[in-house]
Amino acid sequence: MLTPTTTLDKEHSDPDAVATQWAETCRVLDAAELFWISTVRANGQPHVTPVVGLWADDALHFYSGETEQKVANLRANQRVALITGRNDWDQGIDVVVEGIAVRLTDGHMLGRLAEKWSRKWDGRWRFLVRDGCYYHFYEQDGRHVVLPHAIAVFSVRPAKVLAFDKAAQSHTTHRF
């Protein structure tokens, strides 16, 4: 398990605030259903879009169709920020994960993650692993019908994680 150095940003926190513990930050990451990913286009413009993420094995995992903009962006620049939280002003914890997105192609690892995605989403997100990618499929007449579009899977080991506890008015940084 990762063990970060955790600090409270006193300048941006209430005087009596305490740092959000790493275990609580991990709980938020594990429970999150949706993340917003920020990548950078070749011309330097930002690209932000939602992804279905999975916190597992001390990393944040996400997937995307091979032809999507974020995959093209990641070919040139693997630096990303993934954000989850709430739109409330005074409740919940918003979390930002910064790191390098690494493409996963190992069939065993992809299979393990596919199982975890399926469990987390009550079977709604099911993937067939083939040739280092995911493929969506459905069952028809007792057989798998595989959709033709390859889905790339990425893993982000955090370099820095920010946790903004809005109820406690604290700004925490976890560095690795």
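Since every read-out is calculated from the coordinates, none of them should be taken as a lab result. Owing to the predicted nature of the structure, the values given are computational and were not obtained by experimental measurement. Virtual Cβ from ideal backbone geometry, glycine too; neighbours counted across all protein chains shown.
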Exercise. Each label point is 7 Å from the Cα along the Cα-to-Cβ direction; what then is the distance between the points at ARG124 and ALA56, in nm?
Worked result: 1.7
Exercise. Which residues does a label at ALA150 reach in the stretch 45-67, if reach means a backbone N under 11 Å from a point 7 Å past the Cα toward the Cβ?
Worked result: 66-67
Exercise. Under a 5 Å amide H to amide H cut-off, with H placed in plane at 1.01 Å, what residues pair with ASP57 once short-range neighbours are removed?
Worked result: none
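Mean separation of Cα pairs under 8 Å and 6+ residues apart, divided by the residue count of the chain: what relative contact order is that in percent? Walk me through the numbers before you get to the answer.
Values: 364 pairs, mean separation 51.8, N = 176.
So the answer I get is 29 percent.
From the P(r) of the chain, can you give the percent of Cα pairs sitting at distances over 21 Å?
53
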Exercise. What distance in nm separates the simple spin-label points at THR7 and ALA76, each placed 7 Å from Cα in the Cβ direction?
Worked result: 3.3
